[in-house]
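Reviewing the structure listed below.
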Amino acid sequence: MVDVDTGRFTVGVFQDVPWAQKGIEALRRAGLAAESLSIIAKESPDVALLIEQALGAPAERLETTATGPLLAKGPILAPLQGAGRDLSKLGLSGTMRRIGFQTHDGRIFETLTARGGVLVAIHSEPRAADALAVLHSYGGGNAAIGAWTGRV
């Protein structure tokens with residue numbers, strides 16, 4: 001059985017860094033705190049700058065077989081990493097179920113990220129619907145709220 005994080009993550013994938021930047025700014029204007037935000041994207045100087053500016057600290061570099069090198073930062077990493085370096089081993093498709101998404105959702109997020117998309121996640125259960133509305137309004141593709149809680 002897989003333990004699932006009981007806090008809700010709302011996730012969307014922006015087509016590129018400029019779109020992600022606009023979406024993150026809108027999330028901040030909506031009152032969502034920087035510490036609730038996570039960003040995962042293919043490694044590039046633009047992504048590194050986005051993460052440092054949006055989250056106030058440098059990104060962690062991860063290597064995955066499905067997407068290659070990623071830069072990531074935020075509260076989504078702990079549940080995706082699991083006991084070991086599971087995100088690096090299993091990719092998004094193998095770990096998104098830990099935060100309430102089905103495996104096929106993880107494959108979609110992984111494919112979009114591999115194509116250069118910027119995954120933005122918000123860890124804020126009371127404001128999940130607000131975060132989802134902002135993601136949709138600013139181009140966050142396949143935006144959804146992780147639904148499963150408890151044990152799977």
Relative contact order, percent, the chain [alpha-carbon distance under 8 Å, six or more residues apart]
43
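Mind running the shape call on region 3-151? Use the C-alpha gyration tensor, a ≥ b ≥ c as the square roots of the eigenvalues: rounded below 1.5 for a/c, prolate if a/b tops b/c, oblate otherwise.
rounded
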Added length on full extension, which subtracts the Cα-Cα distance from 0.36 nm per residue, E43 to N142:
33.5 nm
Fewest-first sequence of V11, V134 by Cβ atoms within 10 Å of each Cβ
V134, V11
Expected output is a single nm value to one decimal: the length gained when fully extending between R61 and A30, i.e. 0.36 nm times separation in residues minus the C-alpha distance. What is it?
8.3 nm
Among T103, T111, which comes first, then next, by fewest other beta-carbon atoms within 10 Å?
T103, T111
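Bear in mind these aren't lab numbers, they're just calculated from the coordinates by the rules spelled out. Everything numeric in this text was worked out from a predicted model, so none of it was measured. Heads up, the Cβs are rebuilt from the backbone with ideal geometry, glycines too, and the neighbour counts pull from every protein chain shown.
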